[in-house]
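These notes are about the structure you will find just below.
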Amino acid sequence: MILKGKHIILGITGSIAAYKAAYLIRTLVKKGAEVQVVITPAGKEFITPVTLSTLSSHPVISDFFSNRDGSWHSHVDLGLWADAMLIAPATASTIGKMANGIADNMLVTTYLSCKAPVFIAPAMDLDMFAHPATQQNLERLRSFGNRIIEPTEGELASHLVGKGRMEEPDKIVKVLEDFFTESNYFKGKKILITAGPTYEKIDPVRFIGNYSSGKMGYALAEACANWGAEVVLISGPVSLTTKHPAIRCIRVESANEMYKETVREFPTTNATLLCAAVADYRPEMEATDKIKREVTKEMTLHLVPNPDIAAALGAAKRPNQIVAGFALETNDELHHASDKLKRKNLDFIVLNSLRDKGAGFQCDTNKISILDKEGELTAYPLKSKQEVAADIATRLADLLNKV
């Protein structure tokens with residue numbers, strides 16, 4: 001039983017679909033999960049706490065203070081207790097609050113404190129679901145690493161027909177089961193990931209760099225950790241932070257620093273994903289003081305090559321180690337990616353092109369192809385970087401099962 005012993009927070013909001021929560025609880029409990037219900041005040045207008053408490057065998061939490069004796073419900077403790085949080089049904093109002101951090105009820109406060117994966121099953125009328133504000137909020141929640149369980153099409157409470165019906169309870173439970181199955185894919189594995197840009201100093205205030213935001217590498221780190229891996233993330237200078245406790249982040253600035261840390265960590269890993277946009281060159285000389293235009297006038301930089309991290313790891317890898325690289329190209333994409341794959345002895349390479357709208361630096365989405373050393377090319381449509389990370393992790397899991 002995949003869900004046996006799992007702690008699930010079930011968030012219920014003010015939707016007619018709240019009646020389906022009873023079926024959700026019953027199914028989850030039958031499969032061995034322990035369910036704690038957190039309901040919004042509006043949710044109690046659609047289904048009673050007595051019903052939910054009876055099915056879950058736990059008192060239902062709705063308010064911070066249930067008694068006037070100084071006792072209160074700790075959203076922090078709940079967030080630490082959970083193996084997963086499921087908001088089903090999730091209304092447009094709650095989705096908007098979650099996306100923007102408006103913690104005005106126990107459910108949203110618990111969500112903001114939750115360290116476990118979060119699943120969101122929207123339920124609303126078709127026009128509300130299709131509205132740009134709702135879609136933008138859902139996309140923002142995806143970018144935070146939340147998993148959206150898409151609603152289905154059918155007759156809605158308004159008697160209109162369209163997309164907005166909450167997914168059926170058995171299919172929602174299947175999503176959770178699939179997640180916890182995936183969470184064992186990398187159990188016992190150590191995965192090294194590089195992310196972000198590198199900065200190569202010209203003087204104390206200027207550098208050579210690139211536009212990498214680190215979003216793809218950080219999404220990969222979260223995906224691999226969610227699937228059971230011990231992750232070492234070597235990150236260039238970005239503003240992102242990690243959430244999963246199994247991720248150990250080593251922050252660096254220059255290509256030389258990233259090379260040193262990557263080579264040091266590499267021997268104890270099972271797989272390495274080289275997602276960082278490492279500068280190929282650095283200034284030969286770094287000025288100790290800020291260079292003044294009025295004094296220097298024209299300036300010529302002499303650049304020297306940085307160490308090639310991918311080539312070094314490709315040459316040093318053991319037969320049971322997987323090394324994958326990334327190739328962001330602007331022209332002759334497949335040719336350049338194939339050449340890099342062979343020269344650096346990689347097991348597969350993730351290719352994307354700046355000519356594809358929504359792919360590359362700074363975006364929340366990406367459009368990739370994966371090319372392996374046997375020459376097989378798999379193309380994927382434009383997706384969120386979290387979904388792309390899952391695609392890459394799936395390919396990595398397949399390879400690790402064969403070594």
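The values are calculated or read from the model by the stated rules, or taken from the named source; none is laboratory data. Given the structure is predicted, the values throughout are model-derived calculations rather than measurements. Positions of Cβ are generated from backbone atoms using ideal geometry, with glycine treated the same way; all protein chains shown enter the neighbour counts. Only protein heavy atoms, including side chains, enter the accessible area calculation; ligands, DNA and RNA are left aside. Shrake-Rupley method; radii C 1.70, N 1.55, O 1.52, S 1.80 Å.
A few remarks follow.
- Flag if A88 is surrounded by fewer than 17 Cβ atoms within 10 Å (Cβ to Cβ), of a type in the set (G, A, S) and either in a helix (DSSP H, G or I) or modelled with pLDDT of 95 or more (or both): no
- Qualifying residue in the range 342-363 (condition: modelled with pLDDT of 95 or more and of a type in the set (F, W, Y)): yes
- Residues (in contact with a Leu (Cβ under 8 Å, 6 or more places away or on another chain) and in a strand (DSSP E or B)) located in the range 166-199: I191, L192, I193, T194, A195
- Being closer than 30 Å to G32 by Cβ and open to solvent by 30 Å² or more (accessible area, probe 1.4 Å) is a property that D127 lacks.
- Strands (runs of 3 or more DSSP E) contained in the range 95-165 and holding at least 1 residues closer than 20 Å to G43 by Cβ, among the small types (G, A, S) and out of contact with any Leu (no Cβ under 6 Å at 6 or more places or on another chain): 118-122
- Lone unmet requirement of (1) small (G, A, S); (2) assigned to a helix (DSSP H, G or I); (3) in contact with a Gly (Cβ under 7 Å, 6 or more places away or on another chain) for A225: (3)
- Condition broken by R248, with the remaining ones in (1) part of a strand (DSSP E or B); (2) out of contact with any helix residue (DSSP H, G or I) (no Cβ under 6 Å at 6 or more places or on another chain); (3) buried (at least 21 other Cβ atoms within 10 Å of the Cβ) satisfied: (3)
- Of residues in the range 263-300 being polar (S, T, N, Q) and within 23 Å of the chain's Cα centre (by Cα), the one farthest from R395 (Cα to Cα): T269
- Total residues in the range 55-85 satisfying the condition of being of a type in the set (S, T, N, Q), at pLDDT 90 or above and either open to solvent by less than 30 Å² (accessible area, probe 1.4 Å) or touching a strand residue (DSSP E or B) at 6+ places or on another chain (Cβ under 7 Å) (or both): the figure is 1.
- Beta carbons closer than 6 Å, at least 6 apart along the sequence or on distinct chains, pair a first residue in the range 205-230 that is within 18 Å of L328 (Cα to Cα) and open to solvent by less than 20 Å² (accessible area, probe 1.4 Å) with a second that is among the polar types (S, T, N, Q) and assigned to a helix (DSSP H, G or I) for A219/Q386.
- When residues of the range 317-333 are limited to those that are of a type in the set (A, V, I, L, M, F, W, C) and either open to solvent by less than 10 Å² (accessible area, probe 1.4 Å) or more than 18 Å from L377 (Cα to Cα) (or both), the one modelled with the lowest pLDDT: A327
- Some residue of the range 373-396 being acidic (D, E) and more than 28 Å from R147 (Cα to Cα): yes
- Scanning the range 190-201 for residues that are open to solvent by less than 20 Å² (accessible area, probe 1.4 Å) and not polar (S, T, N, Q) yields I191, L192, I193, A195, G196, P197, E200.
- Number of residues in the range 91-117 that are farther than 14 Å from G14 by Cα and open to solvent by 10 Å² or more (accessible area, probe 1.4 Å) equals 13.
- Cβ-Cβ under 7 Å pairs, at least 6 apart or on other chains, the range 334-345 side surrounded by 14 or more Cβ atoms within 10 Å (Cβ to Cβ), far side part of a loop (DSSP other than H, G, I, E, B): L341/K373
- Flag for Y19 being open to solvent by 10 Å² or more (accessible area, probe 1.4 Å), under 31 Å from the mean Cα position of the chain (by Cα) and under 22 Å from P117 (Cα atoms): no
- Which listed residue, of A271, A279, is farther than 26 Å from K115 by Cα and open to solvent by less than 20 Å² (accessible area, probe 1.4 Å): A279
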